[in-house]
Structures are given as C-alpha cells and as structure tokens.
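The next block holds one structure in the form of structure tokens; read it before the comments.
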Amino acid sequence: MRRFTSADLPEIIPIFPLGGALLLPRARLPLNLFEPRYLAMLEDALKTPERFIGMVQPADGPEGSSKRLHSIGCAGRVTQFSETDDGRYIISLTGISRFRLVEEVEGFTPYRRARMDWSSFERDLGGEEKDKGFDRPAFLKLLGRFFESAQLSSDWDSLREADEELLINSLSMLCPFDPEEKQALLEAPSLATRRETLVTLMEFALRSGASPQDDTPLQ
C-alpha cells in the first residue's frame, strides 16, 4: 500500500461519526455503507488521490445523531470496496494516521467534513510499532479468561503467532468495550500504553463480571 508522509495528509477530509467503531494505524476496519449520505461520501473520497475517510466517535448520543464529536479520530484509506445487489457498499479502511479535529467545515455535501491537525501523530506514519514490555504468555492467559467470560471465540494459533502491534490493535478494535473505552484505546500515545489500557479494561471487565479463576494482575 502507498506510504504516506506528513506532506501528503490533506487539511480537510470527510468524517464518518460512528460510535463504538475504532480504527488504528495500519489496521483494517470493514464498513457496510448504505445511507445515501455515506454512499456520496465514498463516491467523493474515491475521486481524491488519498481516498481518506476520517473515523471519529460521537461524544454523546447514538451514531450519527450527535453534533458533538470527540476531538481525536483516525483517518483510513479506502483499500477495498464492493457493491452488493441491493446497492450497499462493503468497504475496507486501512488506518493511516490519527488526527485532532480542529473544526467542522460547512459545505454542500450531505456528509460532514472537518479540518484536521495531524502534527501530534507523526509516529503513526512510520513502520510497525514495537512494545518492548510485552509479555505474550501472560497477556494471552488474561485474554483467554476475558474471552471465556465474554463468551467469545478466537483462533488461538493466530493470536500466538501475530506480531504484537497487529495483535494489540486488532483486539483493541474487536473487543466489546463501550465507546468511551474504545476512545481511550485510540488516544493511547504508544503501543505499550495501548496494551496497558487494554489489560486494564479486560481486568476491570473480569472483576465486574464473572469471577475469574486467577486474580493475579497482569503487569
């Protein structure tokens, strides 16, 4: 996929407010677009060289209904799309960089657009991030307890072999946390702090839900 530099990042991009949807750099987010305004957004995005759509969570209210948005989101490039027989589009966004939303831009589009500040997230444009303190066996042990409590299943062989960034970011995106918890994972300044946040959220879910067999905290 095309490698972007800070000079390539556009000042204004379309934004897709979607509660509970998390996109992280170098990760992929599938989306099902069917509302006319978002079909128009996709059509316009595909006409640009970047093909960016900014994923950002509403600060309150259900998806799309809130005028208030969180200030930090993540831009994704449309890397796959296909049309269904009933006129929907199934697309895949690949995360490029997080942004700080400066202001919304008025215009004649049916979807929302905003001016972005990318300067705080230059690290997102680099290569795969490492987490030197990552203890995979202890992490997977906690994850197994969390999945069992939440009645989730997974391909454990893939989890054991996945690169740490892919593993941590994919779990951050897929685990059933509430929107504010997803936002905390998005705003984590490094992969290590995201992993620490993820661990904290799983431990909290275990303490507040089914009693785990092993209460030893994961550091």
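The values are calculated or read from the model by the stated rules, or taken from the named source; none is laboratory data. The model shown is predicted, which means the values in this text are computed figures rather than measured ones. Counting neighbours? That spans all protein chains shown, and the Cβs are built from the backbone with ideal geometry, glycine included.
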Exercise for review: State the number of residues belonging to segment 110-124 that are modelled with pLDDT of 95 or more and touching a helix residue (DSSP H, G or I) at 6+ places or on another chain (Cβ under 7 Å).
Suggested key: 3
Revision key, fill the gap. If we ask which residues in segment 1-20 are closer than 18 Å to MET116 by Cβ, in a loop (DSSP other than H, G, I, E, B) and modelled with pLDDT under 95, their number turns out to be 3
Review point. Do we find a residue being surrounded by fewer than 13 Cβ atoms within 10 Å (Cβ to Cβ) and either over 23 Å from PRO179 (Cβ atoms) or among the aliphatic types (A, V, I, L, M) (or both) anywhere in segment 95-105?
Key: no
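Output the residue which, of all residues in segment 164-187 that are farther than 15 Å from VAL56 by Cα and small (Gly, Ala, Ser), is surrounded by the most Cβ atoms within 10 Å (Cβ to Cβ).
SER172
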